[in-house]
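The values are calculated or read from the model by the stated rules, or taken from the named source; none is laboratory data. A quick note: this is a predicted structure, and the numbers were derived from the prediction, not measured. For neighbour counting, all protein chains shown are included, and Cβ atoms are generated from backbone atoms with ideal geometry for every residue, glycine included.
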Amino acid sequence: MVLARTAGTGYEAGRLAREAGIPAWAMDSDDITVANDCFLRTLVLAEHHHGVPDVGLRVGADFAPGQLGVYDYLFTTARTLGEGYAASGRYVDLITGVGQCAVVAATERVVRVTFSLAEDEDRGRELAIQTGMSDLLSRSRWATGRPIGAVEVSLRQRAPRRSTMFSDFLGTTRITYGADTDSVTLRAADLELPLRTADPALASIMERHAALLPRIQPRPTSWPDRVQQALAAAALAEGTLSLTSVARRLTTSPRTLQRRLAEAGTTWRHELDRARQAQFARLHRHPAAPSGGKAGLLGYSDARALRRARRRWAAR
C-alpha cells in the first residue's frame, strides 16, 4: 500500500522495497501482509532517503477500497460512518499487530478517536500515526461523499517546519503538537451519515468471513524480545547478525538500540550471543552441515570460535 500510494513521487519502488526488507515474492501478490517493521521502515526510507514529501499523510490520503482486502469492505458496507468505524476497529488485527484506533470519548457534539502504536519515540511511529489519521478521514470522505474534516487534532510529535500540510490533509488548523496522546476529534453528527456503499446483507457476510480469518498476533514489546525477533529475521533474510542490520530492521539507530537494551538490563553482545545459541540449536538439527559452515552462518570467524561459544553456553 505504501509503495502504491506514493507512486509518481520520483523514487524507484523496487529499490525502496528491497531496502525496507520486503521480499521480492511479496511484491507480486496483493494478498500478502508485510511485517510491521517493514511497513515502518518503508515510511522512513521513503521520507528520508527517497525524498517523498509528507509521506505519512500522503499514504493515508488516497483511499482506494479493496487495497486492505476484507478490512476495507467491513467499513464500506456498513450502514453509517460510525458503524463503519466500529467494524474496522473490531478487526484491525487483520492488518496490523501493533496499531489500535478507538473511540475513547464522546459527547452530543463531538467524538474523539485515539491512535496508538506499540512503538517507542521514533520517526516510523510518527509517520504511521499520520497515516492512520489521514486514512481515517480519507475513507470517511470517500464513503460519505462529504468533505469531512477534523474538529481538532492532537499529536505527540513535535511541530513540523511546515504545518500547512497537516491542516490540508486533516481538514483543520486546530492542531496541537507535543500532546500526551495522538487523537482526532470529529463531529458526532458526522458519524450518523449514511455510507454511499452501504450493503447490510454483504456487511453480514463480510463480518462472518472476517471472524474466520487469521489475526496478526501482537509482536513482542520488550526491547530484548524485539531484538531476538529481528536477529532471527536478519539471519534468515540477509545471512548476517550485525548491530547495524538489526537497528535498521527496528527503524532505529545502533546507538539508540544499545541504549534501549541497557535500560532493559542487557547488552547487544548478550542478545547476540542468545540469538547465536538459538540459531546453533536449529542448525544442529541438521548434522550434515559442517562445523565450519555453521560457524560462518553464525558470524564466527572459524570453527574454533564456535567451539568456545558452545563451551560457554554449556556452562550457563
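Among the candidates S183, S154, S167, the residue that is farther than 24 Å from L68 by Cα, buried (at least 18 other Cβ atoms within 10 Å of the Cβ) and assigned by TED's automatic domain parsing to the domain that holds V110 is uniquely S154.
When V104 is tested against (1) in contact with a helix residue (DSSP H, G or I) (Cβ under 7 Å, 6 or more places away or on another chain); (2) under 22 Å from G82 (Cβ atoms); (3) at pLDDT below 85, exactly one condition is not met: (1). Contact map, the stretch 194-220: residues that are farther than 15 Å from D72 by Cα and of a type in the set (S, T, N, Q) paired with residues that are assigned to a loop (DSSP other than H, G, I, E, B) and at pLDDT below 90, Cβ distance under 8 Å, separation 6+ or inter-chain. Pairs shown: Q217/G97. If you go through the stretch 154-193 and pick out every residue that is under 28 Å from Y73 (Cα atoms), free of Cβ contacts under 8 Å to residues at least 40 places away in the same chain and in a loop (DSSP other than H, G, I, E, B), you end up with 2.
In the list L43, L74, which residue meets the criterion of being in a helix (DSSP H, G or I), out of contact with any Pro (no Cβ under 6 Å at 6 or more places or on another chain), closer than 30 Å to T244 by Cα and modelled with pLDDT of 80 or more? Of L43, L74, the one residue that is in a helix (DSSP H, G or I), out of contact with any Pro (no Cβ under 6 Å at 6 or more places or on another chain), closer than 30 Å to T244 by Cα and modelled with pLDDT of 80 or more is L43. The one condition from (1) in contact with a Leu (Cβ under 8 Å, 6 or more places away or on another chain); (2) surrounded by fewer than 16 Cβ atoms within 10 Å (Cβ to Cβ) that T144 does not meet is (2). Against the test of being assigned to a helix (DSSP H, G or I), surrounded by fewer than 21 Cβ atoms within 10 Å (Cβ to Cβ) and under 14 Å from the mean Cα position of the chain (by Cα), the options D37, D93 yield a single qualifying residue, D93.
Condition (residue is among the acidic types (D, E), farther than 14 Å from V184 by Cα and assigned to a helix (DSSP H, G or I)) applied to the stretch 109-131: is it met by at least one residue? Yes, the conditions are met somewhere in the stretch 109-131.
Checking each residue in the stretch 186-197 for being out of contact with any helix residue (DSSP H, G or I) (no Cβ under 7 Å at 6 or more places or on another chain) and surrounded by fewer than 17 Cβ atoms within 10 Å (Cβ to Cβ) picks out R187, A188, A189, P194.
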